[in-house]
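The next block holds one structure in the form of C-alpha cells; read it before the comments.
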Amino acid sequence: MTDRSFDLAGLVRDVPDFPRPGILFRDITPLLANPAGLSAAIDGLTDLCRPLAPDLILGIESRGFIFGMPVADRLGVGFVPARKPGKLPAATYAAEYDLEYGTDRLELHQDAIVPGQRVAILDDLIATGGTAAAAVELVERAGGTLAGFGFAIELTGLGGRAKLPDVPIVSLLSYD
C-alpha cells in the first residue's frame, strides 16, 4: 500500500496564464522529476486501479504512457497505447474529440484488445473529458469492456466526469 501522507500536491506546479490568459495550468513535471514523488504517484494509481480488476491498461498519449505502463507492470496486466494520428503501424480504430480550437484524434490498433477484456483507461489529467471519452470509444470499438478510469489529477470544475460512462473514476489529486 502507498504512503498516503506523501505530499504529491506539493510537487504540482501552478503556472498561471498558460497556455493562454486566464488558464491555471497544473504542471506535473516537478512530480515526474522527483523520484519519491513519481514512485508515490505510481503506487497511488496502482492502489486505486487494483479494485478495477483490469486485464489491460490503456494509456493516452503521451503522459498516460508515463503512468500507465508502470501501473500495468505492478498489476501484472498488459498495456496498450492510444496514440495521436499516424503513429501506429498496423490497422487502427480512430476516435475524434473536440479541442478549444478544433478537433484531434486518438488511434488504437484494431488487435490491441481481445473482445471482452476489461480495460482501465489511464491519463495524467481529466479536465473536460473529451480525450477520455474518445478513448472509451476506442475500447468499445475494439470489443473491450470498460473497467474504469485512473487519473493523476482531476480538474473537477470543468465537469469531465459528465462526459464519461458510469464506471469508477479514480484520481490521486483533485482541484476545482
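The values are calculated or read from the model by the stated rules, or taken from the named source; none is laboratory data. Just so you know, these numbers come straight off a predicted model, no measurement behind them. Cβ placement follows ideal geometry from the backbone for every residue including glycine, while neighbour counts extend to all protein chains displayed. Just the protein is used for accessible areas: all its heavy atoms, side chains included, with ligands, DNA and RNA removed. Shrake-Rupley method; radii C 1.70, N 1.55, O 1.52, S 1.80 Å.
Tabulated values for the structure
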| quantity | calculated |
| --- | --- |
| Count of segment 161-170 residues which are under 25 Å from Ala40 (Cα atoms) and either aliphatic (A, V, I, L, M) or surrounded by 19 or more Cβ atoms within 10 Å (Cβ to Cβ) (or both) | 3 |
| Breaking point among (1) free of Cβ contacts under 8 Å to residues at least 60 places away in the same chain; (2) crowded, with 16+ Cβ neighbours inside 10 Å; (3) in a strand (DSSP E or B), for Ile153 | (1) |
| All positions within segment 73-113 that are under 27 Å from Phe18 (Cα atoms), buried (at least 17 other Cβ atoms within 10 Å of the Cβ) and either out of contact with any strand residue (DSSP E or B) (no Cβ under 8 Å at 6 or more places or on another chain) or aromatic (Phe, Trp, Tyr) (or both) | Tyr97 |
| Pairs where the first residue, in segment 66-93, is closer than 18 Å to Asp124 by Cα and the second is open to solvent by 60 Å² or more (accessible area, probe 1.4 Å), C-beta under 6 Å, 6+ apart | Phe79/Met69 |
| Selected residue (only one of Leu138, Leu172 is in contact with a Phe, Trp or Tyr (Cβ under 6 Å, 6 or more places away or on another chain) and touching a residue at least 60 places away in the same chain (Cβ under 8 Å)) | Leu138 |
| Count of segment 1-57 residues which are open to solvent by 50 Å² or more (accessible area, probe 1.4 Å), within 27 Å of Leu99 (Cβ to Cβ) and either small (Gly, Ala, Ser) or in a strand (DSSP E or B) (or both) | 6 |
| Output for segment 115-133, where each listed residue is outside any strand (DSSP E or B), touching a residue at least 40 places away in the same chain (Cβ under 8 Å) and aliphatic (A, V, I, L, M) | Ala132 |
| Residue list for segment 57-78, restricted to those being closer than 15 Å to Leu138 by Cα and in contact with a Gly (Cβ under 6 Å, 6 or more places away or on another chain) | Ile57, Gly59 |
| Residue match in segment 58-72 (condition: under 19 Å from Ser174 (Cβ atoms) and open to solvent by 80 Å² or more (accessible area, probe 1.4 Å)) | yes |
